[in-house]
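Below: the structure, in structure tokens.
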Amino acid sequence: MIYDPLYWMILGVGMVLSLWASAKVKGTFARYQKVNTRRGMSGAEVAQRILRDNGIYDVQVQPVRGNLTDHYDPRNKTLRLSEPVYGGRSLAAFGVAAHEVGHAIQHAQAYAPLKFRSAWVPVASFGSGLSMLIIIAAFILMSIGSAIGTPVAWVGVALFATTTIFTLITLPVEFDASRRALVALESGGYLTPDELGGARKVLNAAGMTYVAAFVSSLLTLLYWAYALGLFGGRNE
């Protein structure tokens, strides 16, 4: 597989997608980080307001170091905002802060895809850790004509598929959080209609990183299945 041009092509496509998505989100965030909102609130303040608007009073909002390190931790109900978002008063800060609150709202409302993703994390971690070892073992067994090569190949591909499933279920979770963010920003009057467009562009750019991750994982999964001869009649 090291000398397979198809492998390197798929790897290259994944890298290009990831780099494009990363550059897009960083560029869009940087652009709208320079545009302050008319309300003049900070990202932390708008996050706390939206939480209260939705009757959520048990979620803490805390700063975290770094850029684009924002996340919601459902284990201890803590919303952590990066420094440019926590204290920022820009359209980018509002969009990202509201998005993370979207996850807190999902958690409070027991949003099914979020629950599934959280439950799937240990499964994906287990699959990710073992899949390549099993896939390499399958190649070796097949090369010596062992009868168990194909069953082992199926196990390896199935283990790798756990990570692909994780990237897939992440899509509705993230896009729904962005949808909730925009609704909250508009209904709460935190952004004007023209400002809302800027926040939407920030969130859409961020969403592309999850799309890129899924496409890259899916292509790699299909490659392993093909290279192992599970479909297409090929194994090398």
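All of the numbers you see were taken from the coordinates with simple rules; none came from a lab. Quick caveat, the model's predicted, so the values are computed rather than measured. Cβ: placed from backbone, ideal geometry, glycine included. Neighbour counts: every protein chain shown.
Taking 0.36 nm per residue of separation and subtracting the Cα-Cα distance, full extension of the segment from Val13 to Lys34 would add 4.3 nm. Between the listed residues Trp120, Ile56, Leu222, the Cα displaced farthest toward the positive end of the dipole of the chain, a dipole computed from Cβ unit charges relative to the Cα centre, is found at Ile56. Would you mind getting me the FRET efficiency between Ala158 and Arg179? Use the beta-carbon distance for r and R0 = 25 Å, nearest 0.05. Efficiency, rounded to the nearest 0.05: 0.20. In the stretch 141-179, whose amide N lies under 20 Å from the spot 7 Å out along Cα-to-Cβ of Leu6? List them in ranges. What the label zone holds, given the 20 Å backbone N cut-off, is 141-145, 149-161, 164. Projection of the Cα convex hull of the chain, averaged over all directions and equal to a quarter of that hull's surface, yields 13.8 nm². The 3J(HN,Hα) values that the Karplus relation (6.51, -1.76, 1.60; θ = phi - 60°) gives for the stretch 213-223 are, in residue order, 5, 5, 4, 4, 5, 5, 4, 5, 4, 5, 4 Hz. Gly and Pro appear as x. For the chain, the longest principal axis of the alpha carbon atoms and the long axis of helix 149-187 meet at an angle near 10°.
Fully extending the segment from Leu222 to Glu186 would add 8.8 nm, taking 0.36 nm per residue of separation and subtracting the current Cα-Cα distance. Per residue, the average separation of C-alpha pairs within less than 8 Å and at least 6 apart gives the chain a relative contact order of 26 percent. Here the stretch 161-236 is treated with +1 on each Lys and Arg Cβ and -1 on each Asp and Glu Cβ, and its dipole about the Cα centre works out to around 140 debye. The chymotrypsin sites (Phe, Trp or Tyr not before Pro) of the stretch 1-64 that DSSP puts in a loop, and whose beta carbon has at most 11 other beta carbons within 10 Å, are Tyr3, Tyr57. Checking every one of the trypsin sites (Lys or Arg not before Pro) in the stretch 1-73 against DSSP loop status and a limit of 14 other Cβ atoms within 10 Å picks out Lys34, Arg38, Arg65.
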